[in-house]
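Remarks on the structure that follows.
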Amino acid sequence: MAYLIEPINPRHDVRLFTCTHKPLESFLKRFALGNSTNHLGKTYVLTQNQSNEVLGYYTVSAYGASRDSMPDKELLPRYDLLPALLLGRLAVRSDLMKRGLGRLLMGHVFEQAWATANRVGVYLLAVDAKDEPAKEFYMHQGFAEFNDDPLHLFIPMTSIGRMVAPASPNGNNN
Ligand SMILES: CC(C)(COP(=O)(O)OP(=O)(O)OC[C@H]1O[C@@H](n2cnc3c(N)ncnc32)[C@H](O)[C@@H]1OP(=O)(O)O)[C@@H](O)C(=O)NCCC(=O)NCCS
């Protein structure tokens with residue numbers, strides 16, 4: 001089965017997309033394309049076998065993370081606001097959940113984040129989990145808690161780099 005993850009475009013068919021969390025369904029149907037065009041948040045969609053039907057998606061945008069909200073902040077660079085990306089939305093079609101598609105989308109998120117971080121400074125990837133099951137999913141993917149809200153999570157770019165670009169023999173993992 002050939003999966004494709006690419007930026008949303010007008011040919012993608014979102015009509016049959018259903019999500020257990022209705023705001024994630026209506027965002028895809030009503031705002032994802034326009035927000036991508038207007039640079040508010042870029043949505044990437046998952047399709048299969050040359051069909052345009054959307055099976056899952058995620059949305060990313062630029063973000064700034066307060067250093068004060070980070071655990072072990074004394075170990076961090078001394079900037080009040082750390083450059084970041086925000087994974088604003090992530091969803092898999094409700095009848096296709098728990099088959100590995102969320103993991104597939106997260107792999108793409110990490111690759112995109114790493115590529116971006118090698119062009120502009122991005123210190124971490126943040127997400128606001130909408131509930132405990134979503135939080136558990138993200139913790140399983142390597143995220144940790146900010147200290148301002150138990151559902152506010154992050155993963156450092158160094159950890160993403162270790163996943164998507166394992167160090168070369170000379171120790172350089174750019
Ligand atoms: C969260 C969501 C995107 C996960 O996608 P999915 O396709 O169901 O998850 P996957 O099958 O790819 O699971 C990936 C891994 O996470 C684990 N996992 C999935 N859901 C989990 C949960 N609730 N708690 C802990 N681990 C979880 C799986 O066991 C799997 O582990 P593995 O990689 O070791 O095999 C999907 O369930 C969804 O769309 N939920 C509704 C919308 C939502 O909550 N979005 C998050 C918004 S903040």
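For the structure I just gave you, tell me whether residue 170 is modelled with pLDDT under 95, closer than 24 Å to residue 44 by Cβ, away from the ligand (no atom under 15 Å from the Cβ) and surrounded by fewer than 16 Cβ atoms within 10 Å (Cβ to Cβ).
Answer is no for this residue.
Residue 71 - would you say it is free of Cβ contacts under 8 Å to residues at least 40 places away in the same chain and either within 15 Å of the ligand (Cβ to nearest atom) or more than 25 Å from residue 16 (Cα to Cα) (or both)?
So residue 71 fails the test.
Here is a list: 91, 126, 113. Which entry is closer than 20 Å to residue 9 by Cβ and aliphatic (A, V, I, L, M)? Don't jump to the end; show me each part of the working.
On the way: 126 fails: closer than 20 Å to residue 9 by Cβ; 113 fails: closer than 20 Å to residue 9 by Cβ.
The conditions single out 91.
Mind telling me which of the residues 28, 55 ends up being farther than 27 Å from residue 149 by Cα and within 13 Å of the ligand (Cβ to nearest atom)?
On the way: 28 fails: farther than 27 Å from residue 149 by Cα.
When all the criteria are applied, what remains is 55.
Answer yes or no: is there a residue in segment 111-118 that is more than 13 Å from the ligand (Cβ to nearest atom), more than 14 Å from the chain's Cα centre (by Cα) and either over 17 Å from residue 19 (Cα atoms) or modelled with pLDDT of 95 or more (or both).
From segment 111-118, those more than 13 Å from the ligand (Cβ to nearest atom) are 111-118; that's our starting set.
Pick out the ones that are also more than 14 Å from the chain's Cα centre (by Cα) and you get 118.
Applying the additional criterion that residues be either over 17 Å from residue 19 (Cα atoms) or modelled with pLDDT of 95 or more (or both) yields 118.
Checking segment 111-118: at least one residue is more than 13 Å from the ligand (Cβ to nearest atom), more than 14 Å from the chain's Cα centre (by Cα) and either over 17 Å from residue 19 (Cα atoms) or modelled with pLDDT of 95 or more (or both).
Of all residues in segment 84-95, which are more than 7 Å from the ligand (Cβ to nearest atom) and more than 20 Å from residue 63 (Cβ to Cβ)? Talk me through it step by step, then tell me what you get.
Step one: of segment 84-95, the residues more than 7 Å from the ligand (Cβ to nearest atom) are 84-88, 93-95.
The answer is 93, 94, 95.
Report the residue count in segment 137-166 for those that are in a loop (DSSP other than H, G, I, E, B) and more than 14 Å from the ligand (Cβ to nearest atom). Break it down stepwise before answering.
If we filter segment 137-166 for residues that are in a loop (DSSP other than H, G, I, E, B), which is where we start, we get 141-143, 146-151, 165-166.
From what's left, more than 14 Å from the ligand (Cβ to nearest atom): 146-148, 165-166.
Matching residues across segment 137-166 total 5.
Residues in segment 2-32 that are surrounded by fewer than 17 Cβ atoms within 10 Å (Cβ to Cβ) and of a type in the set (Asp, Glu): how many?
2
Condition (residue is out of contact with any strand residue (DSSP E or B) (no Cβ under 9 Å at 6 or more places or on another chain) and of a type outside the set (A, V, I, L, M, F, W, C)) applied to segment 48-63: is it met by at least one residue? Walk me through it before giving the result.
Our first condition is that a residue be out of contact with any strand residue (DSSP E or B) (no Cβ under 9 Å at 6 or more places or on another chain); within segment 48-63, this holds for none.
So far as segment 48-63 goes, no, none of its residues is out of contact with any strand residue (DSSP E or B) (no Cβ under 9 Å at 6 or more places or on another chain) and of a type outside the set (A, V, I, L, M, F, W, C).
If the Cβ limit is 7 Å and pairs must be 6+ apart or interchain, which residue in segment 132-156 that is touching a residue at least 60 places away in the same chain (Cβ under 8 Å) and farther than 19 Å from residue 98 by Cα pairs with which residue that is within 13 Å of the ligand (Cβ to nearest atom) and not in a strand (DSSP E or B)?
154/143
The values are calculated or read from the model by the stated rules, or taken from the named source; none is laboratory data. The structure displayed is predicted, hence computed values, not measured ones. FYI the Cβ positions are ideal-geometry reconstructions off the backbone, even for glycines, and counts take in every protein chain you see.
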